[in-house]
1. How far is the Cα center of the range 21-71 from the Cα center of the range 81-121, in Å?
2. Give the calculated FRET efficiency between R79 and E222 to the nearest 0.05, with a Förster radius of 56 Å applied to their Cβ-Cβ distance.
3. Quick check on the range 342-424: what does the Kirkwood estimate of hydrodynamic radius come out to from the alpha carbon pairs, in Å?
4. Check cross-link reach from K120 to the aspartates and glutamates: straight Cα distance under 15 Å, and skip same-chain residues fewer than eight apart.
5. Between D450 and R371, 0.36 nm times their residue separation minus their Cα-Cα distance comes to what?
6. Can you give the helix-only mean residue ellipticity at 222 nm for the chain, where every DSSP H stretch with n ≥ 4 adds -39500 (n - 2.57) and the sum goes over all residues, rounded to the nearest 500 deg cm²/dmol?
7. For the range 250-359, compute Rh as the Kirkwood radius over C-alpha pairs and then the Stokes-Einstein diffusion coefficient at 4 °C and 1.567 mPa s; write the answer in µm²/s, rounded to an integer.
8. Kirkwood Rh, the chain, all Cα pairs: how many Å?
Amino acid sequence: MDKLHQTLVRYFGYHTFKTGQKDIIQSVLDQKDTVAMLPTGGGKSLCYQIPGYMTDGLVLIISPLLSLMEDQVERMKMRGEKRVAALNSTLSFHERQHIIRHLASYKFLFVAPEALMSEKLLEQLKSMHIGLFVVDEAHCISEWGHDFRPEYSKLGEWREALGHPVALALTATATKQTLMDTVQTLRLQHPDFHIHSVNRPNIALIKEAYETKEAKEKRAIELVDTLQGPGLIYCPTRQMTEDLASLVKNQTHEKVEFYHGGMDAGDRMLIQQQFINGQIDLICCTSAFGMGIDKADIRFVIHMSPPQSIEAFMQEIGRAGRDGQESVSILLYTEEDADIQSHLIQSEGFDDSEIDFFLDQLRQSPTIDERKWREQLMKAGLQETRARMLTHYYMMHQDDLPHLLVKRVKQKLQDRQTEKRRKVWQFKERIIDRGCFRQSLLSYFYEQQDQTDSSSLQNCCSSCGLDLSDYEKKDEQLELNEMKHWKTVLDRMFHPTKEAQH
């Protein structure tokens, strides 16, 4: 047994690697900058943890979401790894300072990209040996990616400040443009590419057209009542998550909760843990839920309308079937859904008077700190995501002449809106296409379906004659659900205060 497999067995208890993992790890061990695309559930975290155990220096992991960081840290601690910490906004000032003062005692450090804006943290990291610079969810780097984070655009600059350590960029879904943006932004030197298919053959794909939103809701409840769970329902708005969860709760025996970005962070974390531990059968959520959630046995994902891009859709359906077992994705749509998404995109934009007002706020500010600029815009009434975007473009062009700065910022914002609307209509074309839905999605990533994979062809999509009954609850599961229902009713009768706490 070679050293690589010995490390796999010693720290993780596995005897074989998943597809692609070994080559990616070897590339990093060979000190090569590496860009890797593995499907959701492909085991991306192993690709930086094993090199961490086999090499010297701190492994610095830049991660975009608090839930993603917390989940990874908890899993590593459960395996006995004590040299791991996460720096994010949930920590108190004293907790952050304690971690920064004791960086030398850690092997793995998860940070939000905003944390690297701290000069104190950056200076402390400069004094250390960074063995590996990991960018998780690397599609957030691209301005044209489906989940762009402005702070990610500075990662190349920060990486150079840290002595140009070996970089590993990881993602589950990215177009060629996004991958090229990743290389450019991180300033990678002749990187190795390990690009694996976005296709998940064990996830059957279904799309169903309806006339109205109410008809889709009725169908969703039917599906929840009959499909083998656990499951997720993605909704386009926060209000719909709450309304649909209420309908499901009243009309089925499922234990259901809603989840969206407007909720308290503690409530969101509690719901995640209850879902992971099997205390909740179903979550009605916005796109805020799911990234990095380690639940292998999700059996279905329902979309109440198409997301704004094919990349986002593939990322979200990839939450199902991470254990490799048969699972199903069901997309419910109406003709008006694309118009709804276009309206949401429009609402995220700015009119000229808004841009003029907020840019004037920035020009008058005595500070040159991007984070403080963003906070200033939020105090002036701008929502956080929009404040991040406007500040980002202002930073890009702040050295231009005033009239050119305004013109270029407006053009950037307009181009972004145009690109997002283009992605919506690209998705709509594939949804209404009568051909194979799976192949239509794969073609967006310049992929072809493997015609030799009989299992993939057998459970392909609704366009290819898929039988949904294969994914329904069995008789014994229906009986178990009935028992669970009565147990819940009795619990409510005899423990009313307990119910009030939910």
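1. 18 Å
2. On the way: r = 41 Å, r/R0 = 0.73.
Rounded to the nearest 0.05, the efficiency is 0.85.
3. Values: mean 1/r = 0.0766 Å⁻¹.
One over the average 1/r among Cα pairs gives 13.1 Å for the range 342-424.
4. Excluding near neighbours in sequence, the set is E95, D369.
5. Numbers: separation 79, 0.36 × 79 = 28.44 nm, distance 4.69 nm.
Answer, rounded to one decimal: 23.8 nm.
6. Per the formula, -14500 deg cm²/dmol.
7. Values: Rh = 16.1 Å.
Stokes-Einstein gives a translational diffusion coefficient of 80 µm²/s.
8. Details: mean 1/r = 0.0411 Å⁻¹.
Result for the chain, one decimal place: 24.4 Å.
Any read-out appearing in this document is the output of simple, stated calculations on the displayed coordinates, not a laboratory observation. Source: prediction; values computed, not measured. Using ideal geometry, Cβ is built from the backbone for each residue, glycine included, and neighbour counts are taken over all protein chains shown.
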